[in-house]
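Contents: one structure, followed by commentary.
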Amino acid sequence: MARTDDSLSETDIRSPQAKTWTVRSTAKDRRAWIAGSPVCPLLKEYQIVHLGTAAMPAPFEIVRTKLAGSYFLACFGGEGRVVVDGRLKRCRAGQAFLLPPQSRHAFHTPKGKSWEFCWVRFQENPGQQPVANTNSPVLADFDAEPLRLAILGLYHECCHDRGASAIDNWVKLIHGYVLRFAEPRRIDDRIYRLWDKVGEDLRRPWTNAEMAREVHLSEKQLERLCRRELGRTPRQQLIWLRMRRAAELLAGEGRKVSAVAAEVGYENPLVFSTVFKRCMGWSPSEHASHV
């Protein structure tokens, strides 16, 4: 595995038939797969490292550990797989994923399949709210065609250097499409209220029944609502909040794994470590030593 500037380790396997149209924010990124792509410095103003569209027949596999920024991927053809919360999930046309920073990202095309998608890779500044926030959906329906066309528009403008005004319009469109997914206008208010409350007391041994009572729903109603709005079950969302908070705590100096585990609701540090590694891609001690 080759180490990159923004990941602990990386697996990058691509078919010779793979095709990508990529725009990067700086010419300093010279990895083989992105070298030679046009540069758009304006992307930095939106905390975007690179973006593009791709046609990826099998074999295709990417694994990156502890990616520092949010990652948005939208499928417009074929079928792929994405690791979310340590588990593989299917990604088909008309779906999109928004993956949080500080976690393991992995993608692949199943054998005999082809996968067409577009992506936007962010690098949020220290202290800045990431695009993938607490109430962002991790998986939801999304029409990728407008985003795909906007990315191709930006790609061609940057290739031919046709003027800052057009480039600015394309970048604003791309950024707006991702934010529309991350902060859907009609997300149920009960989701916001529930997870804000849960996030304030992650030490509490929350059950599905208790969480449902907080928003005056049955457990089945809450599960349907969470799956629809966030792409996770209530239990999966709770685990994600705990692991995200644990990652923040582990970044502090001198924090013991057992103390962090207790603060996010795990009496057994071994159980906590297992869940953390599954979700984040490496152990709590490894995370603490590399922040």
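Just so you know, all these numbers are worked out from the coordinates, no wet-lab data involved. In this text the structure is predicted, and so the values were computed from the model without any measurement. Counting neighbours? That spans all protein chains shown, and the Cβs are built from the backbone with ideal geometry, glycine included.
Note on the range 48-97: percent of Cα-Cα distances in each 10 Å bin, starting at 0 and stopping at the bin with the largest distance, equals 19, 58, 22. Annotation for the range 222-282 versus the range 155-197: alpha-carbon center distance of 28 Å. What is the local net charge at residue 62, summed over the other residues whose Cβ is closer than 10 Å to its Cβ (Lys, Arg +1; Asp, Glu -1)? Within the 10 Å Cβ shell, the charges total -1. Across the chain, the mean sequence separation of Cα contacts (distance under 8 Å, 6 or more residues apart), normalised by length, yields a relative contact order of 16 percent. Computed from backbone phi with θ = phi - 60° and the Karplus coefficients 6.51, -1.76 and 1.60, the 3J(HN,Hα) list for the range 173-179 is 4, 4, 4, x, 5, 5, 5 Hz; x is used for glycine and proline. Peptides 89-97, 22-30 ranked from most to least packed by the mean count of surrounding Cβ atoms within 10 Å: 89-97, 22-30. The loop-placed chymotrypsin sites (Phe, Trp or Tyr not before Pro) in the range 156-250, going by DSSP, include none that has at most 15 neighbouring Cβ atoms within 10 Å of its Cβ.
Label zone of residue 19 (point 7 Å out along Cα→Cβ, amide N under 14 Å): in the range 152-177 this covers 152.
Under Stokes-Einstein, with the Kirkwood radius over Cα pairs as Rh, the value for the range 10-182 at 25 °C and 0.890 mPa s is 152 µm²/s.
Each of 191, 174 was scored by other Cβ atoms within 10 Å of its Cβ. Listed from fewest to most, they are 191, 174. Of all aspartates and glutamates in the structure, the ones whose alpha carbon falls short of 14 Å from that of residue 44, not counting any fewer than 8 places away in one chain, are 29, 124, 168.
Couplings 3J(HN,Hα) of the range 232-245, computed from phi: 10, 6, x, 5, 5, 5, 4, 4, 4, 4, 5, 5, 5, 5 Hz, in residue order, whole Hz [Karplus 6.51 cos²θ - 1.76 cosθ + 1.60, θ = phi - 60°; x for Gly and Pro].
A convex hull fitted around the alpha carbon atoms of the chain yields 131 Å³ per residue. Computed over the Cα atoms of the range 189-290, the ratio of the radius of gyration to the Kirkwood radius (Rg/Rh) comes to 1.01. Scanning the chain for GluC sites (Glu not before Pro) lying in DSSP loops with no more than 16 further Cβ atoms inside 10 Å, the longest uninterrupted stretch between such sites is 125-252.
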